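These notes concern the structure reproduced below.
Derivation of every value follows stated rules applied to the coordinates shown; laboratory data play no part. Everything numeric in this text was worked out from a predicted model, so none of it was measured. Cβ: placed from backbone, ideal geometry, glycine included. Neighbour counts: every protein chain shown.
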Amino acid sequence: MTGTYLIRTFGCQMNEHDSERIGGLLRSDGMSPADDLEGASVVVFNTCAIRENADNRLYGNLGHLKPLKARNPGLRIVVAGCLAQKDRGSIQERAPWVDVVIGTHALPSLLDLLRRSEREGPLMDVREHTETFPSALPAARHDAFRAWVSIAPGCDNACTFCIVPLVRGPQRSRPIGDILAEVQGLVARGVVEVTLLGQNVNTYGRDVTVPGSSRRPLFADLLREVDGVKGLRRVRFTSPHPHDFTEDVIAAIAGCERVCEHIHFPLQSGSDRVLRAMRRSYRRERYLGWLDQIRRAVPAIGVSTDIIVGFPGETERDFQDTLEVVERARFDSAYTFQYSPRPGTAAATMDEQISKEVVQERFDRLVTLQERISTERAAEQLGRTLEVLVEGGDRRGDSTRSRTRTNRIVHLSAPLEPGAFAQARITATAPHHLMGDLVDARAGARV
Ligand code: 5AD
Ligand code: SF4
């Protein structure tokens, strides 16, 4: 095909990863990226289903495309991702101008569907299982210096609020050799940082065996192997489940030079009663105990988390428990969410859904508390000299956005190339970013 494409990505890193493959497929077929919607010949929405507002956004966006499609009938509109998997046929019922609906397991058939839809009209491919990992498809990456590497899409847990197991299916681990080959190939093309991706990375390997033996590879083994890839500078991973954060994983993080000092450690709630209702297998004291253990092994570690406010049945007392755990855990940052019932999940039909006003009021209190803690945690960085990886220019033009190993954003007042490493001395702090001066790594002096 010729022409240009535009991809709009919603939701998590797994979708970012899939979008790079969608772009890669279109490019391999002769297309190039479009600058804007008006000029595009293919528009792809890679959608997220995790909260209700994601649904509304999609249908709003599709509404905007209707007049465009009327003016330009050659425009192809594709809906991919988790909402495509969840809503299936109802997308084209509500928006008949959508040409292709493609589920999370069907990416390899994208080009075929696009071609056929020109002759046959609207088409849909939503399957229940992955046959080819999207990682096997070509990729059009956003950055040349870093890459997502999918290690185990899908999830075998059944947290009662979560739609992910329904739309991404059970966990499927990629063979360790495939992952290593991908990482080596990336490094050969100049990538210095990889992020290993899975819905539950630390149960990696449960469903595969090491070639030639009956042993199952473990996430800690994978970390060590990836850490050994020459030329790679940074390894990240997301997201682990607290329950599977075993000692061998902690030891691997502590012992692997390239594995960055950051974990995303989703709490969800600080109330044991709510955790049970969420079907999260740990309890608050165990969670805090694991956190202590991790911080003892890797003292500099940055910790982020996810917290849901207003899960069905959450009382003021339960919410106080969450505030208390947040106070004790001292997260560097937290993604806070208002509970959103997802049809098809167990929690959506639970009694005692909490009113919007109560959820909002609790949410505001949680955000205020975490902002204070994030501010304090950031202030601890003042005066330190940290290794940063440059990600790109700032909107301001003459400065640079970079990231520490602990996953903090540092704005540097010097223009540097994306992918460059530098030492930054922290001169000012804010809850969600730091400001830094460039330091000459050898002399330790300001440049
Ligand atoms: N409502 C609100 N937040 C949710 N999350 C997942 N499902 C829901 C839901 N139904 C949050 C969880 C998860 C993050 C990715 O999104 O905190 O860790
Ligand atoms: Fe959803 Fe729980 Fe699986 Fe995370 S671990 S994707 S929250 S079901």
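Once the other residues with Cβ under 12 Å from the Cβ of residue 297 are scored (Lys, Arg +1; Asp, Glu -1), what is the net sum?
On the way: positive: 295, 296; negative: 247, 248, 261, 292.
Taking every Cβ under 12 Å from that of residue 297, the sum is -2.
What net charge is computed for the residues neighbouring residue 414, neighbours being all others with C-beta under 9 Å from the C-beta of residue 414, Lys and Arg scored +1, Asp and Glu -1?
Residues near residue 414 contribute -2 overall.
When the GluC sites (Glu not before Pro) in region 109-168 are filtered for DSSP coil states and for at most 16 other beta-carbon atoms within 10 Å of their beta-carbon, the remaining sites are 128, 131.
What does the net charge come to around residue 223 if you take all other residues with beta carbon closer than 10 Å to its beta carbon, with K and R at +1 and D and E at -1?
On the way: positive: 224, 258; negative: 221, 225, 227, 248.
Here the count lands on -2.
Counting only DSSP beta bridges with both residues in the chain, tell me the antiparallel percent, nearest 5. Could you put the intermediate results ahead of the total?
Details: 22 of 66 bridges.
Looking only at bridges with both residues in the chain, the antiparallel portion is about 35 percent.
Of the residues 324, 352, 225, the one that moves most in a GNM of the chain with alpha-carbon contacts below 10 Å is 352.
Sequence neighbours fewer than 8 away in the same chain don't count; with that in mind, list the lysines whose C-alpha is under 26 Å from residue 86. The reachable lysines, counting only those whose Cα sits under 26 Å from residue 86, are 66, 69, 356.
Determine the shape class of the chain: with a ≥ b ≥ c the square roots of the Cα gyration tensor eigenvalues, call it rounded for a/c under 1.5, and otherwise prolate if a/b is greater than b/c, oblate otherwise.
Numbers: a/c = 1.45, a/b = 1.19, b/c = 1.22.
Rounded shape, in that the Cα axes give a/c under 1.5.
Pick from 211, 175, 341: which is most flexible by mean-square fluctuation in a GNM of the chain where alpha carbon atoms under 10 Å apart are linked? With Cα springs under 10 Å in the chain, the top fluctuation among 211, 175, 341 is at 211. For a quick check, take a GNM of the chain with Cα springs below 10 Å and name the residue from 358, 187, 43 with the largest mean-square fluctuation. Residue with maximal mean-square fluctuation among 358, 187, 43: 358. Over the chain, dividing the summed -39,500 (n - 2.57) contributions of all DSSP H runs of at least 4 residues by the number of residues returns a 222 nm mean residue ellipticity of -10500 deg cm²/dmol.
If R0 equals 51 Å, the separation of the Cβ atoms of residue 180 and residue 357 corresponds to a calculated FRET efficiency of about 0.50. Ranking of 307, 151 by neighbouring Cβ atoms within 10 Å, starting from the fewest: 307, 151.
Ranked for footprinting exposure by Cβ neighbours inside 10 Å, fewest first, 356, 230, 69 give 230, 356, 69.
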